[in-house]
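Trainee: First, the structure itself, so that you have it in front of you.
Laboratory data are not the source of any read-out in this text; all were calculated from the coordinates shown. Since we're looking at a predicted model, the values are computed, not measured. Here the Cβ is made from the backbone with ideal geometry for all residues, glycine too, and neighbour counts use every protein chain on show.
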2 protein chains.
Amino acid sequence: MSPTLTIRPAAPTDDDAIWRILEPTFRAGETYPIPREVSRADALAYWRTPGNWVFVAEDGGAIVGTYYLRANTRGGGDHVANCGYMVAPDAMGRGVARAMCAHSLTEAKARGFAAMQFNFVIASNERAVRLWQSMGFEIVGRLPAAFRHPRLGPVDAFVMVRTL
Amino acid sequence: MSPTLTIRPAAPTDDDAIWRILEPTFRAGETYPIPREVSRADALAYWRTPGNWVFVAEDGGAIVGTYYLRANTRGGGDHVANCGYMVAPDAMGRGVARAMCAHSLTEAKARGFAAMQFNFVIASNERAVRLWQSMGFEIVGRLPAAFRHPRLGPVDAFVMVRTL
């Protein structure tokens, strides 16, 4: 991880930088169940869904990653958090996702969450699966052929959980 | 199942009848991850979330059940449907849930869905778990202590899937 990486809450003025990160990932359509043709407004509304806390990771003045943290469900299930993370393509392999995940675990615990759940980790995204496993997440469910990968066709998705 | 049970799309004028079904179940807080103190407006907005198709089951002129059908995710995951079902307390045990589930499987298939997933079947709701299993759903995930049951404390929730 870069020693100059900092993670802070997103400001409204970060929308352009967030969209520059979301756009290539959503357009590729390989890791999120979001339409590849999603508009900027729709994508930002999804990332900033009411109830989401949104953060950005900055390195040397550039925003290189973003994540959201939210309660996965309401009522009797609102002690379980959920997050989505995204790293700028040109910042991959520098530990940004790991740093954001570690940050999110701390933030979630500070907000009183008891566990964190990822609902839809696409099995072909092996790098992410391994990273989450190395961060203490376990696969608790496998959703058969739940995702149509643009190159690989139908692939499974995992539900992953860890306690905080 | 009652021979006079019919299932039809919900009309806006069905909101009062739908709320009479939702209210006692949400207030009990034992089967849905929704705040027990949820307001009528909030509950109906949840049930009628944009993108949900909402149906009601009628028997002898009375609405005895309701369900929604939707895509569980978007983009590359939008071939998997999701439903939520609810039966009026005084109509339990008459096959209304089973009839609505059968109806929803047909409706989902007609809309082009390839599978149906339930994201959060609370393990203590054994009647529902058995019913969904008898309708062809398999438990594909177990979410440990994902739900705080008002009487039982922390209970697991299941992810259940079947193909269409």
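Trainee: Would any residue of region B:99-131 have its amide N under 17 Å from a label point 7 Å out along Cα→Cβ of B:Glu58? List them or say none.
Mentor: Backbone N within reach: B:100.
Trainee: What does the average come to when, for each residue of peptide B:28-36, you count the partner chain Cβ atoms lying within 10 Å of its Cβ?
Mentor: 3
Trainee: Hey, another quick one. Which of B:Glu138, B:Glu126 comes first, and how do the rest follow, when ranked by fewest Cβ neighbours within 10 Å?
Mentor: Ascending number of Cβ neighbours within 10 Å: B:Glu126, B:Glu138.
Trainee: In nm to one decimal, list the spacings between the B:Gly60 label point and its equivalents in the other copies, with label points set 7 Å along Cα to Cβ, shortest first.
Mentor: 7.6
Trainee: To continue, here is another question. So, R0 is 22 Å and r is the distance between the beta-carbons of B:Arg48 and B:Leu152; what FRET efficiency does that work out to, to 0.05?
Mentor: 0.15
Trainee: Along Cα-to-Cβ, 7 Å out, sits the label point; list in nm, shortest first, how far the one on B:Ala110 is from those in the other copies.
Mentor: Reported distances to equivalent positions: 5.2 nm.
Trainee: Also: Evaluate 2.2 N^0.38 Å with N set to the residue count of region A:1-153, then give the Cα radius of gyration divided by it.
Mentor: Compactness ratio reported: 1.01.
Trainee: Sequence gap at least 6, Cα distance under 8 Å: using those rules, report the relative contact order of chain A to the nearest whole percent.
Mentor: 20
Trainee: Same structure again: From zero outward in steps of 10 Å, how is the percent of C-alpha pairs of region A:63-123 spread across the bins?
Mentor: 22, 48, 26, 4, 0
Trainee: Closest approach to the A-B rotation axis by any Cβ of A: residue and distance in angstrom?
Mentor: Checking which Cβ lies nearest the axis yields A:Gly141, 1.
Trainee: State, to one decimal in nm and shortest first, how far the label point of A:Ala11 sits from each corresponding label point in the other identical copies (label point: 7 angstrom along Cα-to-Cβ).
Mentor: Inter-copy label distances (nm, one decimal, shortest first): 5.4.
Trainee: Counting each DSSP H run of 4 or more residues in the protein assembly as shown as -39500 (n - 2.57), what helix-only mean residue ellipticity at 222 nm follows after dividing by all residues, to the nearest 500 deg cm²/dmol?
Mentor: The helix contribution divided over the protein assembly as shown gives -8500 deg cm²/dmol.
Trainee: Of all alpha-carbon pairs in region A:1-62, indicate the percentage at a distance above 13 angstrom.
Mentor: Here the long-distance tail beyond 13 Å is 65 percent of all Cα pairs in region A:1-62.
Trainee: Give, rounded to the nearest 20 debye, the magnitude of the charge dipole that region B:88-127 has about its Cα centre when Lys and Arg contribute +1 at Cβ and Asp and Glu contribute -1 at Cβ.
Mentor: 120
Trainee: Here is a further query. On the principal axes of its Cα set, how long, how wide and how thick is region A:9-98? Give whole Å, largest value first.
Mentor: For region A:9-98, the Cα extents along the three principal axes come out at 40, 29, 26 Å.
Trainee: Dipole size in debye (nearest 20) for region A:1-117 around its Cα centre, Lys and Arg Cβ +1, Asp and Glu Cβ -1?
Mentor: That gives region A:1-117 a dipole magnitude of about 320 debye.
Trainee: Right, here's the next one. Distances over 35 Å make up what percent of all Cα-Cα pairs in the protein assembly as shown?
Mentor: 23
Trainee: A further question on this structure: Work out how much length A:Arg40 to A:Arg20 would gain on full extension: take 0.36 nm times their residue separation and subtract the Cα-Cα distance, in nm to one decimal.
Mentor: Stretched fully, the A:Arg40-A:Arg20 segment lengthens by 6.3 nm.
Trainee: Okay, next question. How many percent of DSSP beta bridges within the protein assembly as shown run antiparallel, rounded to 5?
Mentor: Among the beta bridges of the protein assembly as shown, antiparallel pairing accounts for roughly 95 percent.
Trainee: Net charge within 13 Å of B:Leu152 by Cβ-Cβ distance, Lys/Arg positive one each and Asp/Glu negative one each, not counting B:Leu152 itself?
Mentor: Result for the neighbourhood of B:Leu152: -1.
Trainee: With an 8 Å cut-off on Cα pairs and a minimum separation of 6 or more residues, tell me the relative contact order of region B:74-164 in percent.
Mentor: Reported relative contact order: 30 percent.
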